[in-house]
Amino acid sequence: MQSLTISLPDDWHLHLRDAQALRDTVPAAARQFGRGVVMPNLRPPVVSVSQALAYRQRILATLPRNQTWEPLMTLYLTDNTPTAELREAKASGQILGVKYYPAGATTNSDSGVTSLTRVHPQLAVMEELGLPLLLHGEVTDPDVDIFDREAVFIERELTPLTKRFPGLRMVLEHVTTSEGAAFVAAAPPHVAATITPQHLLFDRNQLLAGGIRPHYYCLPVLKRDSHRRALIAAATAGSGKFFLGTDSAPHPRALKETACGCAGCFSHHAALELYALAFERAGALAQLEAFASHHGADFYGLPRNTGTITLHRNAWRLPEELELGGEPLIPLAAGDTLPWQMTERSAGATA
Ligand code: DOR
Ligand code: ZN
């Protein structure tokens, strides 16, 4: 096969940052996707509907005129989120879901939730409203090994949560383990997961063997290869519960290459090409379209995009360096050669 045309994909989990950075991140997010679910972990975090709508305007102001792309906004859940704010979020029609960060788990999560039990009233309202909870699924208990934090979260927190709120719509964002994939596969249809390109392509050796490679450091951290293979099986099985979410999360080079570097991989320079490589290696290119372009829209009850993108088999070298708000940024798989390259995007109207 020399070329592959699929419906225009959506990115169901990404980070755009703010201010100067938007000039780089917004065009990159819009290049291959029809829509993108924008994470709210700014400093300060996006905790209210008015903040989310103002952020949406700043994003749209940097969207190139010839690009059609829609940001789908999220709210940042805190211990003190008023339930009235959740009702307003639903009524606005502009807020796709509410993001749960365990306090201290990752980048700009200091204002996150200190214990899921403290937000039971909010979760009850979200269950009633059909407002999805987007989970960063890790415990922050310092006694739990960093490689076990997702599996322990599923056992200690997520399993009880699904019993307490059986109707709550949930997405286990950037799932990284066989335990996470199995949990989602066995859960009811209103529980789904996103998967990043790095977790489909790389294991922890890529991060740590033969030298530490900070540009492969993200959270949840890359796991051993058996987990990567479980994620490939989940993504390529044709199940509507698993869909594309890059978690593209840019940090300037200086904040990655330092004694205590930030978590996050930027992947919007080659997102579809990276997923295509992972699917092709699994002999499952035919499943790429459903994963990238159908399952997420179906889960969220949104129309599928009508445009298309075309990838050609054409070996190309990924850039060594890009820019983020005037500072150097090292993208995921910098300098690697990929077999597929996006060559066309049809105009088709997005939802
Ligand atoms: O690697 C990550 N980077 N994981 C997250 O959960 C947050 C993200 C970021 O915002 O940089
Ligand atoms: Zn993220």
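Beta carbons closer than 7 Å, at least 6 apart along the sequence or on distinct chains, pair a first residue in the range 293-305 that is touching a residue at least 24 places away in the same chain (Cβ under 8 Å) with a second that is open to solvent by 50 Å² or more (accessible area, probe 1.4 Å) for SER293/ARG304; HIS294/ARG304; ALA297/PRO303; ALA297/ARG304; LEU302/ALA351; PRO303/ALA351; ASN305/ALA351. Taking the range 113-182 as the region of interest, the helices (runs of 4 or more DSSP H) fully inside it that hold 3 or more residues being over 18 Å from ARG228 (Cα atoms) are 120-129, 159-164. Against the criterion of being open to solvent by 10 Å² or more (accessible area, probe 1.4 Å) and within 16 Å of ligand 1 (Cβ to nearest atom), ALA54 does not qualify. Tell me, please, whether a residue that is in contact (Cβ under 8 Å) with a residue 60 or more places away in the chain, surrounded by fewer than 19 Cβ atoms within 10 Å (Cβ to Cβ), over 16 Å from the mean Cα position of the chain (by Cα) and under 27 Å from CYS218 (Cα atoms) can be found in the range 121-142. Among the residues of the range 121-142, not one is in contact (Cβ under 8 Å) with a residue 60 or more places away in the chain, surrounded by fewer than 19 Cβ atoms within 10 Å (Cβ to Cβ), over 16 Å from the mean Cα position of the chain (by Cα) and under 27 Å from CYS218 (Cα atoms), which makes the answer no. Could you list, in sequence order, all residues of the range 82-102 that are of a type in the set (Gly, Ala, Ser) and either open to solvent by less than 50 Å² (accessible area, probe 1.4 Å) or in contact with a Gly (Cβ under 8 Å, 6 or more places away or on another chain) (or both)? Correct list: ALA89, SER92, GLY97.
Report yes if THR194 is in contact (Cβ under 8 Å) with a residue 60 or more places away in the chain, of a type in the set (Ser, Thr, Tyr), in a loop (DSSP other than H, G, I, E, B) and within 16 Å of ligand 1 (Cβ to nearest atom), otherwise no. When the stated conditions are applied, THR194 does not pass them. The set of residues in the range 222-246 that are touching a residue at least 60 places away in the same chain (Cβ under 8 Å) and not in a loop (DSSP other than H, G, I, E, B) comprises PHE242, PHE243, LEU244. The residue of the range 199-221 that is most open to solvent (accessible area, probe 1.4 Å), among those that are assigned to a helix (DSSP H, G or I), of a type outside the set (Phe, Trp, Tyr) and touching a helix residue (DSSP H, G or I) at 6+ places or on another chain (Cβ under 7 Å), is GLN206. Residues that are more than 16 Å from ligand 1 (Cβ to nearest atom), surrounded by 22 or more Cβ atoms within 10 Å (Cβ to Cβ) and part of a loop (DSSP other than H, G, I, E, B) are absent from the range 247-257 altogether. Based on what the data block shows, is LYS241 over 30 Å from ALA19 (Cα atoms) and within 15 Å of ligand 1 (Cβ to nearest atom)? When the stated conditions are applied, LYS241 does not pass them. Considering every residue within the range 158-173, establish whether at least one is in contact (Cβ under 8 Å) with a residue 60 or more places away in the chain and either surrounded by fewer than 22 Cβ atoms within 10 Å (Cβ to Cβ) or hydrophobic (A, V, I, L, M, F, W, C) (or both). Yes: one or more hits. I'm checking my understanding of the structure. Among residues of the range 4-24 that are out of contact with any helix residue (DSSP H, G or I) (no Cβ under 9 Å at 6 or more places or on another chain) and either among the aliphatic types (A, V, I, L, M) or closer than 18 Å to ARG58 by Cα (or both), which one is nearest to ligand 2 (Cβ to nearest atom)? By that ranking, first place goes to ALA21.
Within the range 103-141, the residues that satisfy the criterion of being within 16 Å of ligand 2 (Cβ to nearest atom), modelled with pLDDT of 95 or more and either touching an Asp or Glu at 6+ places or on another chain (Cβ under 8 Å) or hydrophobic (A, V, I, L, M, F, W, C) (or both) are VAL113, LEU133, LEU134, LEU135, HIS136, GLY137, GLU138.
The strands (runs of 3 or more DSSP E) found wholly in the range 9-96 and carrying at least 2 residues that are in contact with a strand residue (DSSP E or B) (Cβ under 7 Å, 6 or more places away or on another chain), free of Cβ contacts under 8 Å to residues at least 40 places away in the same chain and under 30 Å from PRO121 (Cα atoms) occupy 35-38, 70-76. Working only within the range 63-101, note down all residues that are within 15 Å of the chain's Cα centre (by Cα) and among the β-branched types (Val, Ile, Thr). Correct list: THR74, VAL98.
The values are calculated or read from the model by the stated rules, or taken from the named source; none is laboratory data. Note that the structure is predicted; figures quoted are calculated from it, not measured. As a convention, Cβ positions derive from the backbone with ideal geometry for all residues, glycine included, and neighbour counts pool all protein chains shown. These accessible areas exclude ligands, DNA and RNA; they are computed on the full protein's heavy atoms, side chains included. Shrake-Rupley method; radii C 1.70, N 1.55, O 1.52, S 1.80 Å.
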